[in-house]
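Visitor: Sharing a structure below in structure tokens format, with a few things to ask.
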Amino acid sequence: MLSKRLVSTAAICLVLGAGTAACGDNKDGDKAAAPAAAGTTAAAAPTSAAATPAGEKLDTDKLSAQEIKQKAKDALAAATSVKFAGTMVDEDGKMEINLAMDNTGKCTGSMTMPGSGKVDILRDGKTSYMKGDAQFWTSVGGPNGAQVAELLKGRYVMGFDNDPQMAGFLSLCNLADFSKQIVEGGDKAGGAPEKGAAGTTNGVPTFSLKVTNSKGEKGTIFVATQGKPYPVEIQTEPSKDGQTKIDFTDYDKPVTVQTPPADQTMDFSKFKDQMKKA
């Protein structure tokens, strides 16, 4: 599952001109793109297995656990849009995430990280915007954190889509990439999934699959059994740090993005120029 290091590292990259650490060779940032909860490695490319057509029921008696999981992965990969919302937990604390995105590059939502504040994320399909609160900019801005927080107070940074250092951050709004990070696919590293039981999750009839990652951490994927076999929720077993739980909603619904007015934005290049002068 996505690590909060991805967002923190991307934000630090914004102040490259201010003497902070370079991000191009950040190994932690690379690791951030790998799943961590309810699985292990990034999801494999979809196979030819077809998703259950709308109106049909997923035959969980005849299908193996692996086949059910593959159908869920294929359905998610074929979705035109989805909303991810919930809590991700690790030894550093809880990160709240609420992101809606589609396959045209539109994205809107926010992430709140323990001790690092909140960052709002927008993308209208062409241009990306990011606005952090004072705590966010202060915590990730390095020695210039206070200046960054003041300069960007109430404003979005925009126009960084072509910056290679921001690739990790931009993947947050890529439905295909983000889906691979959220739903695990590491059968070889963590073992094959096991069948759970039928039930209802967030009002949706589901069937659960038990998965274990390479660290021995256990999780559950709840798959819709009526209509398309979309993942409805993933969660880990409760631990001393808490419980990771992500809900998947608003499948195939239009994502509406309201971009901020010009007086509430700062171009990325202008921002870097300002910080070089600081």
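The values are calculated or read from the model by the stated rules, or taken from the named source; none is laboratory data. Remember, it's a predicted structure, so these values are computed and weren't measured experimentally. Ideal geometry is used to build each Cβ from the backbone, glycine not excepted, and the neighbour counts take in all protein chains shown.
Visitor: State which residue pairs qualify: first residue within 11 Å of residue 137 (Cβ to Cβ) and acidic (Asp, Glu) and inside the range 147-163, second residue modelled with pLDDT under 90 and buried (at least 17 other Cβ atoms within 10 Å of the Cβ) in any location, beta carbons under 9 Å apart, and separation of 6 or more residues or different chains.
Guide: As it stands, the answer is 150/137, since those pairs meet every condition given.
Visitor: So for the range 95-112 (the condition being over 14 Å from the mean Cα position of the chain (by Cα), of a type in the set (S, T, N, Q) and at pLDDT below 90), does at least one residue qualify?
Guide: No: the range 95-112 contains no residue that is over 14 Å from the mean Cα position of the chain (by Cα), of a type in the set (S, T, N, Q) and at pLDDT below 90.
Yes/no matrix, rows are residues, columns are (1) more than 30 Å from residue 159 (Cβ to Cβ); (2) assigned to a helix (DSSP H, G or I); (3) modelled with pLDDT of 55 or more; (4) among the charged types (D, E, K, R):
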| site | (1), (2), (3), (4) |
| --- | --- |
| 10 | no, yes, no, no |
| 36 | yes, no, no, no |
| 54 | yes, no, yes, no |
| 84 | no, no, yes, no |
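Visitor: Next up: Condition (residue is of a type in the set (Gly, Ala, Ser) and assigned to a strand (DSSP E or B)) applied to the range 253-266: is it met by at least one residue? Give the derivation first.
Guide: Step one: of the range 253-266, the residues of a type in the set (Gly, Ala, Ser) are 262.
Those left that are additionally assigned to a strand (DSSP E or B): none.
No: zero hits.
Visitor: Related question: Taking the range 227-252 as the region of interest, how many residues are at positive phi and in a strand (DSSP E or B)? Steps first, answer last, please.
Guide: We begin by selecting, within the range 227-252, every residue at positive phi; these are 227, 242, 250, 252.
This time we only want the ones that are in a strand (DSSP E or B), so: 242.
Going through the range 227-252 one residue at a time, the tally reaches 1.
Visitor: I've got another one for you. Please determine, by comparing only the residues of the range 224-241 that are surrounded by fewer than 15 Cβ atoms within 10 Å (Cβ to Cβ) and of a type in the set (S, T, N, Q), which one is modelled with the highest pLDDT. If you could, list the steps in order and put the result at the bottom.
Guide: Going through the range 224-241, the residues surrounded by fewer than 15 Cβ atoms within 10 Å (Cβ to Cβ) turn out to be 226, 237-241.
So of that shortlist, the ones also of a type in the set (S, T, N, Q) come out as 226, 239.
Working: 226: 95, 239: 83.
If we take residues in the range 224-241 being surrounded by fewer than 15 Cβ atoms within 10 Å (Cβ to Cβ) and of a type in the set (S, T, N, Q), then 226 is modelled with the highest pLDDT.
Visitor: Please work out if residue 134 is closer than 27 Å to residue 232 by Cβ and either crowded, with 16+ Cβ neighbours inside 10 Å or free of Cβ contacts under 8 Å to residues at least 12 places away in the same chain (or both).
Guide: On the way: closer than 27 Å to residue 232 by Cβ: no; either crowded, with 16+ Cβ neighbours inside 10 Å or free of Cβ contacts under 8 Å to residues at least 12 places away in the same chain (or both): yes.
Considered against the rule, which asks whether it is closer than 27 Å to residue 232 by Cβ and either crowded, with 16+ Cβ neighbours inside 10 Å or free of Cβ contacts under 8 Å to residues at least 12 places away in the same chain (or both), residue 134 comes out as no.
Visitor: Evaluate the range 254-261: report whether one residue or more is over 16 Å from residue 70 (Cβ atoms), in contact with a Ser or Thr (Cβ under 6 Å, 6 or more places away or on another chain), surrounded by 14 or more Cβ atoms within 10 Å (Cβ to Cβ) and not aromatic (Phe, Trp, Tyr).
Guide: Start the filter on the range 254-261 by keeping residues that are over 16 Å from residue 70 (Cβ atoms), which leaves 254-261.
Next, from what is left, pick out any that are in contact with a Ser or Thr (Cβ under 6 Å, 6 or more places away or on another chain): 255, 257.
Then keep just the ones that are surrounded by 14 or more Cβ atoms within 10 Å (Cβ to Cβ); that gives 255, 257.
Going one step further and asking which of them are not aromatic (Phe, Trp, Tyr), we end up with 255, 257.
Among the residues of the range 254-261, at least one is over 16 Å from residue 70 (Cβ atoms), in contact with a Ser or Thr (Cβ under 6 Å, 6 or more places away or on another chain), surrounded by 14 or more Cβ atoms within 10 Å (Cβ to Cβ) and not aromatic (Phe, Trp, Tyr), which makes the answer yes.
Visitor: Okay, moving on. Are any residues in the range 98-111 within 22 Å of residue 268 (Cα to Cα) and without any contact (Cβ under 8 Å) to a residue 40 or more places away in the chain, and if so, which ones? Talk me through it step by step, then tell me what you get.
Guide: In the first step, residues of the range 98-111 are kept if they are within 22 Å of residue 268 (Cα to Cα); the result is 105-111.
Residues satisfying the conditions are 109, 110.
Visitor: Can you find a residue in the range 86-93 that is buried (at least 18 other Cβ atoms within 10 Å of the Cβ) and of a type in the set (A, V, I, L, M)?
Guide: Checked against the condition, which is being buried (at least 18 other Cβ atoms within 10 Å of the Cβ) and of a type in the set (A, V, I, L, M), the range 86-93 yields at least one hit.
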